[in-house]
Amino acid sequence: SSPSMMNVTATATGGTNNYGVYNEASSPAMTNVTATATDGTYNYGVYNYLSSPSMMNVTATATGGTNSNYGVYNKSSSSPSIRNSSITGATHSIHNSGTSSAQVADTMLDGTVTAGGGLTCVGAYDETFSALNASCS
């Protein structure tokens, strides 16, 4: 199923694999969600696996990990739409693995991006408020 997430705060800290929100084979509407993963070995603010959520007003943060920190990690043909959000990842703000892709609008990206199967940005900007191009760079 794809339950909606509204006004949710989720935090994971100190583990090996930390997931603020983990979406597997579901595509929820995520609205006003804060997902934070910190101080583990691998940190994922939002992890999408076979999932294409609609993300609106989402703050996804991954920092302090000893290996990797991903604000939003998309795997196995995941394809989220991200609007009016703030995505921070010390390793990558958005990472699209393989054929995964993302559509991003009016969103702050703090960290590099990996395009994978595709990445489209409209009105996106970085942490210094510099405009990003259509490929989010």
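The values are calculated or read from the model by the stated rules, or taken from the named source; none is laboratory data. Keep in mind that what you see is a predicted model, and the values were worked out from it rather than measured. Heads up, the Cβs are rebuilt from the backbone with ideal geometry, glycines too, and the neighbour counts pull from every protein chain shown. Just the protein is used for accessible areas: all its heavy atoms, side chains included, with ligands, DNA and RNA removed. Shrake-Rupley method; radii C 1.70, N 1.55, O 1.52, S 1.80 Å.
State whether one or more residues within the range 78-89 are among the aliphatic types (A, V, I, L, M), in contact with a Gly (Cβ under 9 Å, 6 or more places away or on another chain), farther than 16 Å from TYR42 by Cβ and at pLDDT 95 or above.
yes
Across the range 6-45, which residue is farthest from the chain's Cα centre (by Cα) among those that are among the aliphatic types (A, V, I, L, M) and surrounded by 19 or more Cβ atoms within 10 Å (Cβ to Cβ)?
It comes out as ALA12.
How many of the residues in the range 46-70 are in a loop (DSSP other than H, G, I, E, B) and open to solvent by 40 Å² or more (accessible area, probe 1.4 Å)?
Of the residues in that region, 5 qualify.
How about the range 71-90: which of its residues are open to solvent by 10 Å² or more (accessible area, probe 1.4 Å), within 21 Å of ALA25 (Cα to Cα) and small (Gly, Ala, Ser)?
SER76, SER77, SER79, SER81
Sort out which residues of the range 116-132 are touching a strand residue (DSSP E or B) at 6+ places or on another chain (Cβ under 6 Å), surrounded by fewer than 18 Cβ atoms within 10 Å (Cβ to Cβ) and farther than 14 Å from GLY71 by Cα, and write them in order of number.
GLY117, GLY118, THR120, VAL122, GLY123, TYR125, ALA131
Select from the range 91-111 the residues that are over 18 Å from PRO28 (Cα atoms), over 10 Å from the mean Cα position of the chain (by Cα) and either touching a residue at least 40 places away in the same chain (Cβ under 8 Å) or open to solvent by less than 10 Å² (accessible area, probe 1.4 Å) (or both) and list them in ascending order.
Correct list: THR107, GLY111.
Within the set of pairs 6+ apart or on separate chains, which have a first residue in the range 16-30 that is at negative phi, a second that is assigned to a loop (DSSP other than H, G, I, E, B) and hydrophobic (A, V, I, L, M, F, W, C), and C-beta atoms under 7 Å apart?
Short answer, once both residue conditions are applied: GLU24/LEU50.
Take the range 102-124 and flag every residue that is outside any loop (DSSP other than H, G, I, E, B) and either touching a Cys at 6+ places or on another chain (Cβ under 9 Å) or within 18 Å of GLY45 (Cβ to Cβ) (or both). Working first, answer last.
Initial filter on the range 102-124 (outside any loop (DSSP other than H, G, I, E, B)): 102-105, 108-110, 113-114, 118-122.
Answer for the range 102-124, where residues must be outside any loop (DSSP other than H, G, I, E, B) and either touching a Cys at 6+ places or on another chain (Cβ under 9 Å) or within 18 Å of GLY45 (Cβ to Cβ) (or both): ALA102, GLN103, VAL104, ALA105, MET108, LEU109, ASP110, VAL113, THR114, LEU119, THR120, CYS121.
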